[in-house]
Amino acid sequence: MASITVRFYSLWRLYLGIDRLCLEVDSLEEALAQLEERFGSRLREQLQVRGIQVAGKMGDYSLVLLSGINLRNLKQTRLREGDILHIFPPAAGG
Amino acid sequence: MVDKDAIRRINECKEICLAPDGKEYPVISLKAVNSIARDKGIAPREIEIAALERDIVPRRYLRNMGTIACEGQAKLLRSAVAVVGAGGLGGTIIELLARQGVGHIIIIDDDCFGEEDLNRQLLSREEDLGEYKAIIAARRVREINSAVTVTPFVEKLTRGNAYKLLKDAQVVVDGLDNLPSRFAVEKACRNLGIPFVYGTIAGFSGQLMTIFPKDRGLSSIYGPPHNLPERGIEVETGNPCATPAMIAAWQVQEVIKIITGIGKPLRNHLLVLDAREGAADKIELSR
C-alpha cells in the first residue's frame, strides 16, 4: 500500500472542481481505476456539455505523468510512497 | 568592420542620460547609430555592439540595462534565434525578440493570416489577411528595430529542411500549433545541439519549458511521438487573446536567460500556467 498524491491541472481542475487528493493504493492500475470511478463520468459529462467528445477512460484522453514521466514511457508501474500522479488535458495550440 | 573612425564617431555622438534609478549612462541615439552605419557602410547592429563594448548604451536599450547590462545586450545582438511558427505564440515572441534586441531573427511559417487569427495573433491586421505570416512578421521586425537582421522562410519545417532552416540559430523557439511538428523540431534541435524553448496553449491555460539537447523533453510529457493526436484540447477550447501572450512572454524570458547566461532556465521542469484558476505549477520531469 502506498500513499500517493493526485494533481489535476487546467480544464480538468475546473471541470472536476478539485486540485489535489490523496489515495492509498496498491498499484497504478488501482489508482487509475479509483480515479475513473470517482471522476470519470463527471469529466465526460462536463466535456460533453461543451461539445467535446472523448473516448475511453480518463487516462486514455488525458496526459498522465507518474512522478514526472508519461505513463506511456513507463516500463514498470510499481508505485512508491509519495509518488505524484499529474493529470491534465493534452494541449497543442500555438 | 567597425574601424577607428567609426569608434571615434561613436564617442563623439555619446551623450549622458540620467536614468530613473539616478545613474548616469553614456548613451547613443538611434539617429546617430544609423548615421554612422550609413556613412561607413556597416550594419547598424555592428555599431550598436561596438558602442556597448565601450559601455555606451544605444538609447533604445536603456531600459534593458538594469537586468542584462551592456554585456548581455551585446550577447543578444550577436545572437540568432529561430521562431518556428508565426501565429499566436510566434507573433508575440517575434515582436518581443525584436524589441529586446536579438540580432538575427529567423522566422519559419508557411501559413497566411485569416480572420480567425485576428483575436490573438499580434502581427495580424485586417489589411494583411491572406498574406504570409512570415513575410508580415519580418516587416514588423524591421519596423520595430532596423538593427535586427530578419530572415523569413515561407516553408513548413520538416525533417528534410530542418538543418537548413535551424543551423544558424543559437536558440529555437516553439510557436507551433501541433504535436508532430514539435517532436520534429525537438529532434532537429537535439541533433544540432541547440536549446529548444517549448510552449503550448489551450483556453486560459498554457505550459512551457526549455529543453537543452541532453535534457528531458517532450516524450516525458506526451510519451513516445507515435500514435499521438495531432491537435489537443485547444481545438475545442480555442485560445483567447491573452493566453498566447502569457506563454510567449515567458518563452522570450527563457531565450534571454539562455543567451545572456543570466538567471535559471526552466529545464527538466514543466511550468503550467492556468489564468482562469490563478494557478502556476512546476512539474519536475523524470526520464
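Throughout, read-outs are computed from the coordinates displayed, never taken from laboratory work. What you see is a predicted model; the values in this text were computed from it and never measured. Cβ sites come from the backbone with ideal geometry, for glycine too, and all protein chains shown count toward neighbours.
Quick look at the values:
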| item | result |
| --- | --- |
| Residues B:CYS70, B:CYS241, A:CYS22 arranged by fewest to most Cβ contacts within 10 Å | A:CYS22, B:CYS241, B:CYS70 |
| Shielding by partners, peptide B:227-238 (average Cβ within 10 angstrom, other chains) | 5 |
| In nm, spacing of pseudo-spin labels at B:GLU131 and A:ARG80 (7 Å Cα→C-beta vector) | 5.5 |
| Estimated dipole of chain B in Debye, rounded to 20 [Cβ of Lys and Arg +1, of Asp and Glu -1, Cα centre] | 1100 |
| FRET efficiency, 1/(1 + (r/R0)^6) with R0 25 Å, evaluated for B:ALA242 and A:VAL49 via beta carbons | 0.55 |
| Paramagnetic reach from A:ASP19 (point 7 Å along Cα→Cβ, amide N under 16 Å) across the range B:250-287 | B:272-283 |
| Per-residue average of Cβ from other chains inside 10 Å of B:51-58 | 0 |
| Two-site FRET efficiency, B:MET1 against B:ALA280, from Cβ-Cβ distance with R₀ of 30 Å, rounded to 0.05 | 0.05 |
| Relative contact order for chain B, counting Cα pairs under 8 Å that sit 6 or more residues apart, in percent | 15 |
| Ascending count of other beta-carbon atoms within 10 Å, so fewest first, for B:VAL141, B:VAL81, A:VAL54 | A:VAL54, B:VAL141, B:VAL81 |
| Added length on full extension, which subtracts the Cα-Cα distance from 0.36 nm per residue, B:LYS156 to B:ASP55 | 32.3 nm |
| Average other protein chain Cβ within 10 Å of Cβ, residues B:276-284 | 4 |
| Spatial separation of Cα centroids for the range A:1-59 and the range B:184-250, in angstrom | 23 |
| Under 13 Å from the Cα of A:LYS57 - aspartates and glutamates, other chains or at least 8 residues apart | A:GLU29, A:GLU36, A:GLU37, A:GLU45 |
| B:ARG139-B:ALA43 FRET efficiency (beta carbon distance; Förster radius 22 Å; 0.05 resolution) | 0.75 |
| Relative exposure of B:THR151, B:THR158, B:THR243, judged by other C-beta atoms within 10 Å (fewest first) | B:THR158, B:THR151, B:THR243 |
| Ellipticity estimate at 222 nm from DSSP helix runs (n ≥ 4, -39,500 (n - 2.57)) divided over the protein assembly as shown, nearest 500 | -11000 deg cm²/dmol |
